[in-house]
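Worksheet for the structure shown next.
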2 protein chains.
Amino acid sequence: MSKQPRTTQGVGTKGMPRKDRERLILEAAAEEFGVKGYAGGSTARVAALAGITKPMIYEYFGSKDSLYLTCLDEAGTRLVEAVASAQQGPSDLSRAVRTLEAVFRALASRLHDWELVYDATLPPDGPLHDAATAYRRELNRLGAVGVAEFLHASPEVEPLDADLVTHLWYGTVSAAVSWWRHHPEQTADEMAARFERVVAVLCPDLWAASDQRRQG
Amino acid sequence: MSKQPRTTQGVGTKGMPRKDRERLILEAAAEEFGVKGYAGGSTARVAALAGITKPMIYEYFGSKDSLYLTCLDEAGTRLVEAVASAQQGPSDLSRAVRTLEAVFRALASRLHDWELVYDATLPPDGPLHDAATAYRRELNRLGAVGVAEFLHASPEVEPLDADLVTHLWYGTVSAAVSWWRHHPEQTADEMAARFERVVAVLCPDLWAASDQRRQG
DNA sequence: CCAAAGTGACCGCTCGGTAAGTTACCCGAC
DNA sequence: GTCGGGTAACTTACCGAGCGGTCACTTTGG
């Protein structure tokens, strides 16, 4: 990290270019941390997954925290962008379906990204926790806007209730992603269609209303 | 564990009776494992929380796994009983509310019990994983029955969809418990009332239907 | 005085992280 | 063309800390 990184193959280059190796390590780290969590993940195993040894991890990323942080930033950015892009359009139940569809598409073949942001084994303070909290808060903010607009017709809902709904909503997203992890043969589109079907059954009237509004 | 336990104070008894110390340790362990998870939890910290030293933990429970298993059995039994007791009555949305209310009551001042059963840092095999899986499966079975009866009016729902709904339902329960952990000033009854209010807003028609049926 | 309760010190292991040495590559000299 | 030599890439071997777990010893109370 202290040395000047080279973007192209240069003198002394052995094996593969720095960028490629970096990607390989990041991919391995996302896999390891996504499955075993921050606390349970081991840098040596990340190295083995990437086909190198532990000191290389430290040559490239400096520390376990910094490595996790890099993965976290990529995952968090991807998720925030996906969710933000789905917030346009009508403020009804269809937005929830659109959001989940966007998340599914962003996460396709990268299912561990969600766990990276919502990892429960992160240290309770420090920069890692702060970064993860920032992404969660940003996602929460986006979700809360949707929830607020959705609940707008019901002014009797107090703020704490709205906060609970937002929390429940992300619990639902978490559960959907977790279910997907146990059924990896499903595609993102199939997952989105399945969720839409389920919503239609669970909230028939609200769904019919939004469906009608969308088609009318 | 190998020695004959004494239920009352006897010769050589120092400090407090065995049963009391056992409870103290179990309480400390549930706290530690509930907050830090199985992998992150340390027997030495459990001992410190209980006001003794590490070898006592092993005198009383033999191993970290055995200690966790004892906590897990208590938590799992409590939760299964609570959920099972709420499965009587009409098979509509009100059953979900009743179930969550029962869970909230069972968990009052023992919020970590839920994490004990759904701890993600448990080893991927072995007796601990088996035990936790058994409790999850039992809870899932109870939940699936409710979901099936609830979805009974919609025969077009395929089995995989029902499985997803069950998963989403427990994701919701998890999220509700997690929200409670962040708002510890709420009582179990307040939490139940809050959830009921939220359900009434989110699924107005279904809720009105079950409400009407319950009162008619 | 004796048995049970309780502890300090230790073992082997794995962790995150590091220092020092080895290997492979590019490039200029011949 | 090939042949060192310098530099970046990479590895082996190690450190201190904390883990689960154990043993020999001391304290305590009937």
How big is the shadow of the Cα convex hull of segment B:163-216, averaged over all directions, in nm²?
4.5 nm²
Helix A:204-215 axis, angle to chain A major axis (alpha carbon atoms, nearest 10°)
80 degrees
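Can you bin segment B:65-215 into rounded, prolate or oblate? Criterion: square roots of the alpha carbon gyration tensor eigenvalues sorted a ≥ b ≥ c, rounded for a/c under 1.5, prolate for a/b above b/c, oblate for the rest.
Cα axes put segment B:65-215 in the oblate bin.
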Output the 0 to 90 degree angle, nearest 10, between the alpha-carbon long axis of helix A:127-150 and the longest principal axis computed from the alpha carbons of chain A.
20 degrees
When only C-alpha pairs under 8 Å and at least 6 residues apart count, what is the relative contact order of chain A, in percent?
20 percent
The B/A contact buries a total accessible area, at probe radius 1.4 Å and rounded to the nearest 100 Å², of 2800 Å²
Are there residues in segment A:97-123 whose accessible area shrinks by at least 20 Å² when all protein chains are included rather than the chain by itself, and which are they (probe 1.4 Å, ligands and nucleic acids not counted)?
A:121
Label points 7 Å out from Cα along the Cβ direction at residue B:39 and residue B:189: separation in nm?
4.2 nm
Estimated inter-spin distance, residue A:156 and residue B:110, nm [label 7 Å along Cα→Cβ]:
3.5 nm
Using θ = phi - 60° and the Karplus form 6.51 cos²θ - 1.76 cosθ + 1.60, what ³J(HN,Hα) does each residue of segment B:76-93 get, whole Hz, x for Gly and Pro?
x, 4, 4, 5, 4, 4, 4, 5, 4, 5, 9, 8, 7, x, x, 8, 10, 4
So which GluC sites (Glu not before Pro) in segment A:71-172 end up in coil per DSSP with only 14 or fewer other C-beta atoms within 10 Å?
A:156
Do you know the Lys pair count in the protein assembly as shown for C-alpha distances under 25 Å, with sequence separation 8 or more or different chains?
25
Each label point is 7 Å from the Cα along the Cα-to-Cβ direction; what then is the distance between the points at residue B:49 and residue B:84, in nm?
2.7 nm
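How much net charge surrounds residue B:112 when only other residues with a Cβ under 11 Å from its Cβ are counted (Lys, Arg +1; Asp, Glu -1)?
The answer is -3.
Percent of accessible area on the protein assembly as shown owned by carbon and sulfur, 1.4 Å probe?
Numbers: 12000 of 21440 Å².
Whole-percent figure for carbon plus sulfur exposure: 56.
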For chain B, with the dipole built from +1 on Lys and Arg beta-carbon atoms and -1 on Asp and Glu ones, taken about the Cα centre, which of B:50, B:164, B:15 lies farthest toward the positive end?
B:15
Determine the equivalent ellipsoid of segment A:1-153 by diagonalising the alpha-carbon gyration tensor, then write out the semi-axes as square roots of 5 times the eigenvalues, largest first, rounded to whole Å.
35, 17, 13
Residue by residue through segment B:101-113, what is 3J(HN,Hα) from phi via Karplus (6.51 cos²θ - 1.76 cosθ + 1.60, θ = phi - 60°)? Round to whole Hz and write x for glycine and proline.
4, 5, 4, 4, 5, 5, 8, 3, 6, 9, 4, 6, 4
In order over segment A:53-66: 3J(HN,Hα) from phi, Karplus 6.51/-1.76/1.60, θ = phi - 60°, whole Hz, x for each Gly or Pro, gives 10, 4, x, 4, 3, 6, 4, 7, 10, x, 7, 4, 4, 5
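Rounded to the nearest 500, what is chain A's calculated 222 nm mean residue ellipticity when only DSSP H runs of at least 4 contribute -39500 (n - 2.57) each, over all residues? Walk me through the intermediate numbers first.
Working: 10 runs with 157 residues, N = 216.
The helix contribution divided over chain A gives -24000 deg cm²/dmol.
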Determine how large the accessible area of residue A:56 is when every protein chain is in place; take a 1.4 Å probe and give Å² rounded to the nearest 10.
60 Å²
Can you give me the C-alpha center-to-center distance between segment B:147-170 and segment B:178-212, rounded to a whole angstrom?
21 Å
Taking a probe of 1.4 angstrom, what is the accessible area of residue B:64 in Å², to the nearest 10?
50 Å²
Does the protein assembly as shown come out rounded, prolate or oblate, given a ≥ b ≥ c as the square roots of the eigenvalues of its C-alpha gyration tensor, rounded meaning a/c under 1.5 and, failing that, prolate meaning a/b above b/c?
oblate
Using a probe radius of 1.4 Å on heavy atoms only, what accessible surface per residue do you get for chain A? Whole Å² is fine.
50 Å²
Sort out for me the Cα centre separation of segment A:67-111 from segment A:10-58, rounded to whole Å.
25 Å
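The values are calculated or read from the model by the stated rules, or taken from the named source; none is laboratory data. Computed from a predicted structure; not experimentally measured. Counting neighbours? That spans all protein chains shown, and the Cβs are built from the backbone with ideal geometry, glycine included. Each accessible area value is taken on the protein alone, full model and side chains, heavy atoms only, with ligands, DNA and RNA left out. Shrake-Rupley method; radii C 1.70, N 1.55, O 1.52, S 1.80 Å.
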